[in-house]
Amino acid sequence: MGSALVSMLLRLPKLKFVIVTLGAMGCIMLERIDTERPPTEEVDVDSLLRSLEQRKDSTVTTPICITSEAINMRAEGIGTVKGKLFLGTAEKIPPAELVDTTGAGDAFIGAVLYGLCAEMPPEKMLPFAAKVAASCCRALGARTGLPHRTDPCLAPFLQDGGIHNTTKYASNISG
């Protein structure tokens, strides 16, 4: 998976980042870092991804983000990208609360877009998007379970004023 992300960034040089969603397994994001001082260390991207996966705590039920340092990531036979790798976990939904996964991926992408507009850093944006997707899974259909901005489950992500210029717009579209 890591090699595919490196390949996409190399083939599309104007992209700042790529994200792949993995359903109940969470997501992976590779962010391109353009720095004047390039990282000196180079690692295999798939090995780096495995090391991030080993840092996951299986007892944590809420979404979190595990992040690498800015580093040169090499994909064998493809090339190298300077960047940061992010491993976002999904919320662990108890079976009794899981109703329908229809629309969860769309909810995740919508929340990523909201996070980008709100200038959330990836470490906050990915767990926020996972939380929105998980809320969607607790109701029947694609839209019924979508949370409003005022939903208490989103408070930890929205309480520090990270909405900037999108507050008025977001309030108008989400209730």
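The values are calculated or read from the model by the stated rules, or taken from the named source; none is laboratory data. Everything quoted here is computed from the prediction, not taken from an experiment. Backbone-built Cβ (ideal geometry, glycine too); neighbour counts: all protein chains shown. What goes into the accessible areas is simple: the full protein's heavy atoms, side chains included, and nothing from ligands, DNA or RNA. Shrake-Rupley method; radii C 1.70, N 1.55, O 1.52, S 1.80 Å.
Brief remarks on what is shown
- Neighbourhood charge, 14 Å Cβ-Cβ cut-off, centred on Arg138 and excluding it, Lys, Arg +1 and Asp, Glu -1: -1
- Rg and Dmax over the alpha-carbon atoms of region 93-162 stand at 11.7, 35 Å.
- Excluding ligands, DNA and RNA, the accessible surface per residue across the chain is 56 Å² with a 1.4 Å probe.
- Distance (nanometres) between label positions extended 7 Å along Cα→Cβ at Ala142 and Val20: 2.4
- Within the shell defined by Cβ-Cβ distances under 11 Å, the residues around Phe17 carry a net charge of +2, with Lys and Arg each +1 and Asp and Glu each -1.
- Label point distance in nm, Thr62-Val99, each placed 7 Å from Cα along Cα→Cβ: 2.3
- The orientation-averaged projection of the convex hull spanning the C-alpha atoms of the chain amounts to 11.0 square nanometres.
- Within the shell of other residues whose beta carbon sits under 9 angstrom from the beta carbon of Glu76, the net charge comes to -1, with Lys and Arg scored +1 and Asp and Glu -1.
- The accessible surface of the chain, taken with every protein chain in place and a 1.4 Å probe, is 56 percent carbon and sulfur.
- Excluding same-chain neighbours fewer than eight residues apart, the lysines reachable from Lys92 by a Cα-Cα span under 27 Å are Lys56, Lys84, Lys124, Lys131.
- Computed label-point distance, nm, for sites Glu41 and Leu12 using a 7 Å Cα→Cβ extension: 2.9
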